[in-house]
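Okay, structure first, notes after.
Here, each number is a calculation from the coordinates, and none is a lab measurement. The structure displayed is predicted, hence computed values, not measured ones. Don't worry about glycine lacking a Cβ; one is built from the backbone with ideal geometry, like all the others, and counts go over all protein chains shown.
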């Protein structure tokens with residue numbers, strides 16, 4: 001049976017389409033059919049640019065604080081658990097005193113002593129001579145072995161300051177950093193800001209130490225603590 005012109009035309013268009021697909025597959029240009037030529041000749045519709053709603057800037061990233069510390073500016077340098085007594089203060093024992101110490105060693109040596117389980121010594125905080133570095137070595141809730149008195153250890157927080165009694169290096173920055181730390185402790189645990197509750201190691205009953213030494217300026221320090229305490233909301 002002879003094909004009609006319509007059938008032959010359909011076969012030609014089918015062959016052209018298959019050829020176009022093959023050419024496109026090898027990267028060669030494909031000839032457009034009549035309908036495609038008509039569409040190509042028509043003007044492209046004008047589209048309005050899509051405007052995106054402005055994105056509000058988020059809040060500034062919060063300063064990350066070490067979750068191990070009780071005082072945000074401090075870094076956590078943990079003492080050996082053989083050098084302090086785990087507790088649950090102030091529920092177990094009230095925190096009533098802050099004891100001021102002098103290291104008589106540089107900070108790396110103090111940290112090594114606190115980490116050495118044979119030393120049997122620790123403090124809650126250590127402040128560098130420049131006042132730019134504060135480390136926490138024992139949590140506030142636990143009992144550091146710092147004062148030489150078991151009774152005072154259970155009821156106090158000890159702060160070591162980098163320096164030597166015969167070569168005092170008490171900088172203004174150290175005094176200020178220490179005063180803010182002490183004021184924060186006093187505010188948190190309701191410790192009175194006076195010389196009956198903020199003591200030098202030498203003032204702990206039966207103490208065998210003489211730190212922080214005669215060069216420590218108690219008048220200056222207490223004024224800084226009082227000023228810092230007034231600025232802290234309880």
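What is the extension gain from residue 188 to residue 75, computed as 0.36 nm multiplied by their sequence separation minus the C-alpha to C-alpha distance, in nm to one decimal?
My answer for the length gained is 38.8 nm.
Counting every other Cβ atom within 10 Å of each residue's Cβ, 150, 138 order from fewest to most as 150, 138. Counting every other Cβ atom within 10 Å of each residue's Cβ, 223, 113 order from fewest to most as 223, 113.
Here's the picture: a label point sits 7 Å out from the Cα of residue 109 along the beta-carbon direction, and within segment 140-171 the residues with their amide nitrogen under 15 Å of it are 161-169.
As a proxy for reagent exposure, ranking 124, 209 by other Cβ atoms within 10 Å from fewest up yields 209, 124.
Across segment 75-231, Cα-Cα pairs farther apart than 21 Å form 39% of the total.
Rounded to the nearest 5, the antiparallel percentage of DSSP beta bridges internal to segment 76-234 is 30%.
For the pair residue 222 and residue 173, the difference between a 0.36 nm per residue extended length and the Cα-Cα distance amounts to 16.2 nm.
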